[in-house]
Structure formats: C-alpha cells, structure tokens
Amino acid sequence: MSPRVARLLIWPFAVAALALRICTELWFKPVTWRIEPSGLAFLAWVAAQGACFLLLAAGHALLTRRVRQRPAAWEIAAGAESFVASASPRWLGPWAILVGWLAAGAVFTERVPGEDRVRLAEIPGALALSIAVPAIVLAAMAAVLLLDRPRLILDRNGITRQGLIRRTLLRWDELLPGGPPPARGTANLTLMRQPATPGRPPVPTSLPTRPLDVDPAFLAETIRHYVEHPERRPEIGKRHELDRLRSELRAAPHPGTPT
C-alpha cells in the first residue's frame, strides 16, 4: 500500500467516527439513563465513546501497518525539481478520527418528551445545521488529505514547510552549518538561522517531524548535507541525486555520532 492510498483511507474512518458517535447518542445514551448510580452511568458513556475511538484507530493502524515505518527516503515531485516529505498516515489517522468524532457534536439531538428515547432536535434550523456542519468538516478533511497537508519540500532554494494554509520558506543560506544535530525518534528538529543583525546569537527554528512521512534522522542528515554542500543543491529533485544522497548518508555518519 502506498502512503497516498493510506492517507486517503483515513477519510472513511473519520466518517465512521462521526456515524458511531451519532449512533451512541441516539441508541446508547438512553441506556445510560437506566443505570444507577449516575456516576456509573457517566463512566459507561465515556467508556462507549472511548471504545469507538480506539476501535477505529486500531483498525486504521492495522490496515496501514505496512506504511507506518517512516522511510529514509524522499518522494520526487512530479514536474518539479524537489524532494518531498508527505504527511504521515500514522500521524493523520488518529487526528482525523478525532475530528470526525468532534464533528458529530454539531448534530443536535433531544430527549423525546416522556420517553427514554433520543431523536434529532426539532428546533427550527437544527436539522440543516446538523447536516451542514459535519458535511463541511468532512469536505475540508478530504481536501487536506487530497492536497497532502502538512508536508515538507526541499529544492535548490531551501526548505518549504507547507501547512494547512500557511507556506514558509527557509533559505539554505539562512541556515548555519553543523546542524541540525543527529536525531532519531524526536518530534522536532532545531535549525539554527543566521541572525538578522550581525553579532547577535543564532536564531533557533523548530521543524516538526512527527507529521512527516520521513525518518527524522535521515531528514536531519539531508538538511545538514545541503547546508554544507551548496554545490549539490541544483541536483535536488533528480533520481540520481536521491540515490547518491541515500548511499552517502548511510556510509558517512555525522561527526560525533557513536558508531
């Protein structure tokens, strides 16, 4: 299974999270009204909600287990001379399921008068909102998955962080040689930038790695390599350059790294 397919498979799980929460609201919530004491009823309600989330998260993890290991490699962007680290399915999955579950909170329900049943609220406009808000949330989530957000792009100019909306470029010439330090399993890399005013200390910039489908150690080594070897930057985005990069970085550990 490719990382792209794994990302797209997240959307049905988010839809399922929304549907399950609505189902528990309509059919399981009345059951808790008959449980005494009220504290036990609350715990049963929380347990049901948690079980729905964990079931879906475990199902997605099982389905995409073959792509959960972040690769020591870059994707080559089609039609552009750049290396790309796409959004990680293992990071997006739980967040998307949580968002789908939260979107179900916009569905208005009410207790049927005189009965132990729950129905969709009959307040004017409630039905329209109950449909519109979850639909907008799910449509926005589909766009995020299709557009591959967030992601990281390397080209001859520098490092571009593409978030949900904002796009930030860190130019190679802004970064100081020698960093970031060797990293494995870390959630962030710290890049040191040239100060705007000469004589001032370097400016640290945090680069999140957890949302990216690339090994953090390989990411750190790649950035360090292109900061220290500007002559290689025009080759970024080419297949032979990626092959050379992977070969050289495996063969030459960073100074000071235990071997």
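Key figures for this structure:
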quantity: Segment 63-83, residues that are among the hydrophobic types (A, V, I, L, M, F, W, C) and within 16 Å of Ala96 (Cα to Cα); calculated: Leu63
quantity: Hey, Thr32 open to solvent by less than 30 Å² (accessible area, probe 1.4 Å) and without any contact (Cβ under 8 Å) to a residue 40 or more places away in the chain or not; calculated: yes
quantity: Flag if Ile10 is of a type in the set (Val, Ile, Thr), closer than 30 Å to Leu219 by Cα and at pLDDT 90 or above; calculated: yes
quantity: Cβ-Cβ under 6 Å pairs, at least 6 apart or on other chains, segment 65-81 side without any contact (Cβ under 8 Å) to a residue 60 or more places away in the chain, far side open to solvent by 60 Å² or more (accessible area, probe 1.4 Å) and of a type outside the set (A, V, I, L, M); calculated: Arg68/Arg90
quantity: Any pair with Cβ under 6 angstrom, 6 or more apart, that starts in segment 172-192 at a residue that is assigned to a loop (DSSP other than H, G, I, E, B) and at pLDDT below 85 and ends at one that is open to solvent by 60 Å² or more (accessible area, probe 1.4 Å) and not hydroxyl-bearing (Ser, Thr, Tyr); calculated: Gly179/Met192; Ala187/Arg210
quantity: Selection from segment 123-135 of residues that are open to solvent by 80 Å² or more (accessible area, probe 1.4 Å) and touching a strand residue (DSSP E or B) at 6+ places or on another chain (Cβ under 7 Å); calculated: Leu127
quantity: Segment 130-143 residues that are closer than 22 Å to Ala87 by Cβ, paired with ones that are open to solvent by 40 Å² or more (accessible area, probe 1.4 Å) (beta carbon under 6 Å, 6 or more apart); calculated: Ala142/Trp11
quantity: Residue count, segment 142-162 (criterion: open to solvent by 20 Å² or more (accessible area, probe 1.4 Å) and either part of a loop (DSSP other than H, G, I, E, B) or polar (S, T, N, Q) (or both)); calculated: 5
quantity: Identity of the residue in segment 1-14, open to solvent by 50 Å² or more (accessible area, probe 1.4 Å) and in a helix (DSSP H, G or I), that ends up farthest from Val112 (Cα to Cα); calculated: Arg4
quantity: Candidates Arg232, Arg224 - the one that is assigned to a helix (DSSP H, G or I), open to solvent by 60 Å² or more (accessible area, probe 1.4 Å) and at pLDDT 90 or above; calculated: Arg232
quantity: Residue check for Leu92: touching a Pro at 6+ places or on another chain (Cβ under 9 Å) and either in a helix (DSSP H, G or I) or touching a residue at least 40 places away in the same chain (Cβ under 8 Å) (or both); calculated: yes
quantity: Residue list for segment 35-83, filter: surrounded by 15 or more Cβ atoms within 10 Å (Cβ to Cβ), among the acidic types (Asp, Glu) and more than 30 Å from Thr160 (Cα to Cα); calculated: none
quantity: Segment 196-221: number of residues that are surrounded by 13 or more Cβ atoms within 10 Å (Cβ to Cβ) and either over 17 Å from Ser88 (Cβ atoms) or without any contact (Cβ under 8 Å) to a residue 60 or more places away in the chain (or both); calculated: 8
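The values are calculated or read from the model by the stated rules, or taken from the named source; none is laboratory data. Bear in mind the structure is a predicted one, so any value in this text is a computation, not a measurement. So basically every Cβ, Gly included, is an ideal-geometry build from the backbone, and we count neighbours across all protein chains shown. Side chains are part of the model used for accessible areas, which takes the heavy atoms of the whole protein and leaves out ligands, DNA and RNA. Shrake-Rupley method; radii C 1.70, N 1.55, O 1.52, S 1.80 Å.
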